[in-house]
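Data block below; observations after.
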Amino acid sequence: MQRSLKRILQFIGVGLLAAFALALAIAPVSNSLVDQWFRADVEARSRLVYNAVKMPIVRALSDRDFDRLSGIFDSVALDPRILAVGLCDDTGKLTRPTKLMPANFSCDKVARSEGVSFSTIINDGMHIMVGTFPITERNQKSYFVILHDLTFIDTRSDEARAMLVAVLLAVAAVLLITSAVVFALALRSWMNSLRKAVEEILPGSARMAGKRDTASVDDEIKRMLRAVERGRETIRSAEVDWNPDTLQRLLVEMMPDAEVLIVSNREPYIHNRAPDSNKIEVQIPASGLVAALEPVIRACGGTWIAHGSGSADRETVDANDRLPVPPDNPSYVLRRIWVSDEEQDGFYYGLANEGLWPLCHIAFVRPLFRESDWHYYRAINERFAEAVVHEAKTDDPVVLVQDYHFALAPRMIRQRLPKATIISFWHIPWPNAETFGICPWKEEIIDGLLGSTIVGFHTQFHCNNFFETVDRFIESRIDREHATVTLRGEETLVRAYPISIDWPPKALAGQAPVAECRVAVRRALKLADDIKLVVGIERFDYTKGILDRMKALDDLLTREPQWKHRLVFVQVAAPTRSRLEKYSKLQEEAVALSDDINQRHGDGSYKPIQLIVRHHDQKEVFRLFRAADLCIVSSLHDGMNLVAKEFVAAREDERGVLILSSFTGASRELSEALIVNPYNTREMSEALGTGLRMPDHEQRARMRSMRRQVREWNVYRWAGRMLIDAAGTRRRQQIIDIANG
Ligand code: G6P
């Protein structure tokens, strides 16, 4: 406030100076005007006097009574403005001048003409106006002279000038003060609204009053708003091209000094001891989450906190359970958390994968909820939250909490680090309220997630389901327009951020040209060079619709047997969660179904399905994608599905057909794929036929458009959009903190 007052006073001061300068500039004009007015006045008075005394003078002259003449002159000179009067005769002699007639006055100096005339003489620095009036008596001409002292004009001019300056300054002052008051009132009401907005968000805002000097709060608010504006500039330019640099720049400019921490169950690098050689091997797991987040943290740096699940994980960390990764070129820290087998059974296999996974994926697998699993789930969430506090070097880190394994962690972190910016991303679908309602701990899960600053889903549809669920089970305020939920005075932004892959993907580097990949892969699989290759690559999970696509292939070979010996379907399935009955059963069923199909449609030399159950690294996956004619993603339900995007990214040759389930988040973006309902076997088998027959030019057109989509909406944009939203809420939080003292 003091600073604002100073500004207002400065504004008034400058305004007054300008008004003063203006008054001085126009003063000469005013002086000459005043001079003219008074001269005219004096001339008029002289005429009046002349008219009044003309006849008495003529009579006195006629009578030659010069004493009477003197008497007349003296009585005229009594007027205080009149300095002196006298009579000049025709010869230039001055007759009967009154007492104060200046000694240097001479009749020669006045114009003796027919008419009345006025002139100015100076005597001792005094301006004197001489009015000369002709008087004729008996053909004798003389001139009545009246001398007026004009000094009073100067005095009046000075007075008028002073008055003018004073009036101008007064008018300027009134105008300036009025504007300043109006401005100050407007500013005050604006600041009040801002403060009110801050107070509204702030629980117990009454505490704010008087706690801190409002002036410094206002100054801070202004500083913050300027910073927000600077950030917006960055976003505008950053929207052009999303890459690691953009992301880094965004972090530095919008969240300077922010440290980034990731929390996930699956770690990005798993160290395993090879069973045969006993050597330590590094594995990058088959996980969409890892595929998406790894490029992000490589770009930003920071710490990734994850479960150390590898058989050699303990041997490869330091005393603080940390190790720098990636192993070939470290750019961030991996902090491993240890989880016992018993805890793993309850937390990971139990609650996460037998409870929440089937609950959120509509694959018609019954979720299992056990009290003991819930106990472990809570305990492991606590452990990870503790690790966040331990790893954080600041009290307001940016924490990226990943997935359904950590629904409770956001609230736990919030309680320990109230100033943290917590972004939770739910990588799987969120079901409707009715479905979610069967979870015995629905309130705790929702409450846990609402400890986040932002909760992200892949699609708006999942956000809507989340709002509906919150609305049904929790007492809170939902603002759908601004996509927020406010619980106990804390606001959480709920938004859709479609996840993606890095562009160009790392796995593309060093790949052989597509033609070479086609030949090499066919050789490795012992297939003829001209065989049509259909691929499916994913974790061996019942949500992926692996059986359904085999059935579609069966249908195609039955309806169009000409494809036999001309096409092979290679299903690469990475073993996952095999300890769970549903998974092991699926794996058995898949083996049995592929055997059955191979038996019915194949012969000694031809097997239409090759089921390869092992983990493939990204290089192998991309090589297979490049060799394929068709890729099939038939998930029964999937948050996004990055396999579809990886296939598109692998095809620099703009060839290949993607068959994509309409129940994946990816189908919202990759609309040029052949979109199918995986439950409809015939539809999927027809799509297979269409894909196998699709001409090159159509493949190119579809692939080109999908590649553009994935390139532009890459993983850096996914992370960047979340960070931009986080920076906005973080700034708002900082303002609240300042307001709170
Ligand atoms: C999905 C989940 C991830 C998980 C991945 C692999 O993508 O959203 O959180 O990491 O599957 O599953 P896993 O159980 O092997 O980690």
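Observations on the structure shown:
- Sole residue being at pLDDT below 90 and in contact with a Ser or Thr (Cβ under 7 Å, 6 or more places away or on another chain), chosen from 77, 103, 111, 84: 111
- Those residues of the range 394-412 which are under 25 Å from the mean Cα position of the chain (by Cα) and either within 16 Å of the ligand (Cβ to nearest atom) or hydrophobic (A, V, I, L, M, F, W, C) (or both), in sequence order: 398, 399, 400, 401, 402, 410
- Count - residues of the range 542-581 that are within 16 Å of the ligand (Cβ to nearest atom), assigned to a loop (DSSP other than H, G, I, E, B) and out of contact with any helix residue (DSSP H, G or I) (no Cβ under 7 Å at 6 or more places or on another chain): 2
- Inspection of the range 586-608 identifies at least one residue that is out of contact with any helix residue (DSSP H, G or I) (no Cβ under 7 Å at 6 or more places or on another chain) and within 26 Å of residue 265 (Cα to Cα).
- Checklist (1) over 26 Å from residue 640 (Cβ atoms); (2) open to solvent by 10 Å² or more (accessible area, probe 1.4 Å) applied to residue 594, failing item: (2)
- In the range 284-315, of all residues being open to solvent by 60 Å² or more (accessible area, probe 1.4 Å) and within 16 Å of the ligand (Cβ to nearest atom), the one that is farthest from the chain's Cα centre (by Cα) corresponds to 311.
- Restricting 361, 375, 307 to those that are closer than 23 Å to residue 539 by Cα and in contact with a Gly (Cβ under 9 Å, 6 or more places away or on another chain) reduces the list to 361.
- Answer residue from the range 569-618, given it is in contact with a strand residue (DSSP E or B) (Cβ under 6 Å, 6 or more places away or on another chain) and among the β-branched types (Val, Ile, Thr) and is farthest from residue 527 (Cα to Cα) among those: 576
- So residue 433, is it closer than 30 Å to residue 243 by Cβ and in the same structural domain as residue 347 (by TED's automatic domain parsing): no
- Considering the conditions (1) open to solvent by 20 Å² or more (accessible area, probe 1.4 Å); (2) within 16 Å of the ligand (Cβ to nearest atom); (3) aromatic (Phe, Trp, Tyr), residue 364 is excluded by exactly one of them, (2).
- Taking the range 316-339 as the range and being open to solvent by 50 Å² or more (accessible area, probe 1.4 Å), without any contact (Cβ under 8 Å) to a residue 24 or more places away in the chain and assigned to a loop (DSSP other than H, G, I, E, B) as the test, the residues that pass are 318, 319, 320, 328, 329, 330.
- Residue 56 open to solvent by less than 20 Å² (accessible area, probe 1.4 Å) and farther than 22 Å from residue 41 by Cα: no
- Some residue of the range 509-526 being free of Cβ contacts under 8 Å to residues at least 60 places away in the same chain and either touching a Ser or Thr at 6+ places or on another chain (Cβ under 6 Å) or within 16 Å of the ligand (Cβ to nearest atom) (or both): no
- Per the listing 281, 253, the residue uniquely more than 13 Å from the ligand (Cβ to nearest atom), open to solvent by 10 Å² or more (accessible area, probe 1.4 Å) and not in a strand (DSSP E or B) is 253.
- Residue match in the range 22-36 (condition: open to solvent by 70 Å² or more (accessible area, probe 1.4 Å), within 16 Å of residue 144 (Cβ to Cβ) and touching a residue at least 12 places away in the same chain (Cβ under 8 Å)): no
- Unmet criterion (only one of (1) farther than 22 Å from residue 120 by Cα; (2) part of a helix (DSSP H, G or I)) for residue 35: (1)
- In this entry, residue 49 is excluded by the filter for residues that are touching a helix residue (DSSP H, G or I) at 6+ places or on another chain (Cβ under 9 Å), farther than 24 Å from residue 154 by Cβ, β-branched (Val, Ile, Thr) and in a helix (DSSP H, G or I).
- Of the strands (runs of 3 or more DSSP E) lying entirely inside the range 77-159, the ones with 3 or more residues being under 25 Å from residue 67 (Cα atoms) and either among the hydrophobic types (A, V, I, L, M, F, W, C) or open to solvent by less than 30 Å² (accessible area, probe 1.4 Å) (or both) are found at 82-89, 126-137, 140-149.
- Being within 16 Å of the ligand (Cβ to nearest atom) and closer than 18 Å to residue 492 by Cβ is a property that residue 423 has.
- Inside the range 433-454, residues that are in contact (Cβ under 8 Å) with a residue 60 or more places away in the chain and part of a loop (DSSP other than H, G, I, E, B) make up a count of 5.
The values are calculated or read from the model by the stated rules, or taken from the named source; none is laboratory data. Keep in mind that this is a model prediction, so the values were computed, not measured. Note that we place each Cβ from the backbone using ideal geometry, even for glycine, and neighbour counts take in every protein chain shown. In case anyone asks, the SASA skips ligands and DNA or RNA and just uses the protein heavy atoms, side chains included. Shrake-Rupley method; radii C 1.70, N 1.55, O 1.52, S 1.80 Å.
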